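The values are calculated or read from the model by the stated rules, or taken from the named source; none is laboratory data. All of these numbers come straight from a predicted model, not from anything done at the bench. FYI the Cβ positions are ideal-geometry reconstructions off the backbone, even for glycines, and counts take in every protein chain you see.
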Amino acid sequence: METTGAAAHGPDAPVIDLLQLYPRDMNIYGDWGNVLTLRKRLQLRGYEVRLHEYNPGDAFPAQVDLFVGGGGQDSGQNRIQSDLLSLAGRLKELAEDGVPMLAICGLYQLFGNFFKTGTGEVIKGIGLLNVDTVAGPTRLIGNTVIESSEFGTVIGYENHSGQTFLKEGAQPFGMVTKGEGNNGQDGTEGARYRNVVASYLHGSLLPKNPAMADFLIPGAVTRRHGSFDDTPLHVPYEAQARLDAAARPR
């Protein structure tokens, strides 16, 4: 597909280190597409992207500029729980320092305080976000549209049984105009904190919402390299693809 932007990176291109958290267990419903979108848009701007994967037991990279984490089943959340808790202090410090993070579905839940499963088991989260999640009686499934004060119209696909409730001080990612959102009750979807975006929206999210990718990228680049050239990228058919996705029935 033809695009316009910065030239392809060369041997002296500035580097961005992008980490996918727990791809072995938390990477369903096309969440890998978020990594691909960030890598491509960074490359179009002339950056070399070093991709890292982190799974339980791996050595944590010394340099990370941008985090992406996806969804998974309850069993996957159980498998990563103890390892994620061991990273809690480091992830909180990085979030406070402004490192951009995208946490989708299962990772969204575990970035919160806890997830109580349908069997009553409590999977403890790291408390980076002040949200609680409990399993609901039915799954919340379908094409979803939200309105965000920061990002405008955001399009995605939700598929979750967990019902997430924002607690004191927590801010939503957006408000639902199509779909169920966090819990099917209060109209909220996802959560926001500093440069952290958490959401139930799969699809994957970033290919349908390039403005989201273009929020995460400047924070990573500026923190690493001191400045960012925000000249817009022009990708043909991007707007039409969003319109087509938004028009799909619930």
* Going through the range 110-134 one residue at a time, which ones are in a loop (DSSP other than H, G, I, E, B), under 15 Å from the mean Cα position of the chain (by Cα) and of a type in the set (A, V, I, L, M, F, W, C)? -> 128, 129
* Give me the pairs, please: first residue somewhere in the range 149-166 and of a type in the set (Asp, Glu), second residue anywhere and assigned to a loop (DSSP other than H, G, I, E, B), beta-carbon distance under 8 Å, and either six or more positions apart or on two chains. => 158/179; 158/180; 158/181; 158/200; 158/201
* Asked: How many residues does the range 135-167 contain that are under 17 Å from residue 108 (Cα atoms) and not in a strand (DSSP E or B)?
  -> 1
* Quick check: anything in the range 174-197 out of contact with any Phe, Trp or Tyr (no Cβ under 7 Å at 6 or more places or on another chain), crowded, with 20+ Cβ neighbours inside 10 Å and in a helix (DSSP H, G or I)? -> no
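For the range 14-52, name all the residues that are under 16 Å from residue 103 (Cβ atoms), part of a strand (DSSP E or B) and in contact with a helix residue (DSSP H, G or I) (Cβ under 7 Å, 6 or more places away or on another chain). Spell out the reasoning first.
Narrowing the range 14-52 to residues under 16 Å from residue 103 (Cβ atoms): 18-23, 25-35, 37-38.
Pick out the ones that are also part of a strand (DSSP E or B) and you get 18-21, 28.
The answer is 18, 20, 21.
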* Can you confirm whether the range 221-240 contains a residue that is buried (at least 22 other Cβ atoms within 10 Å of the Cβ) and over 20 Å from residue 107 (Cα atoms)? => yes
* Structure fact -> Those residues of the range 211-250 which are within 26 Å of residue 14 (Cα to Cα), among the aromatic types (Phe, Trp, Tyr) and out of contact with any helix residue (DSSP H, G or I) (no Cβ under 8 Å at 6 or more places or on another chain) amount to 215
* **Yes/no for residue 127 being modelled with pLDDT of 95 or more, at positive phi and surrounded by fewer than 22 Cβ atoms within 10 Å (Cβ to Cβ)** => yes
* Looking at 216, 201, which one is surrounded by 15 or more Cβ atoms within 10 Å (Cβ to Cβ), more than 18 Å from residue 95 (Cβ to Cβ) and not charged (D, E, K, R)? -> 201
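Looking only at the range 53-100, which residues are outside any helix (DSSP H, G or I) and buried (at least 20 other Cβ atoms within 10 Å of the Cβ)? Let's see the steps before the verdict.
Filtering the range 53-100 down to residues outside any helix (DSSP H, G or I) leaves 53-73, 87, 97-100.
Those that are outside any helix (DSSP H, G or I) and buried (at least 20 other Cβ atoms within 10 Å of the Cβ): 54, 64, 65, 66, 67, 68, 69, 70, 71, 72, 99, 100.
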* To do: Determine which member of the set 204, 149, 199 is at pLDDT 95 or above, out of contact with any Lys or Arg (no Cβ under 8 Å at 6 or more places or on another chain) and not charged (D, E, K, R).
  => 199
* Asked: surrounded by 23 or more Cβ atoms within 10 Å (Cβ to Cβ), closer than 23 Å to residue 226 by Cβ and of a type in the set (Ser, Thr, Tyr): does that describe residue 108?
  -> no
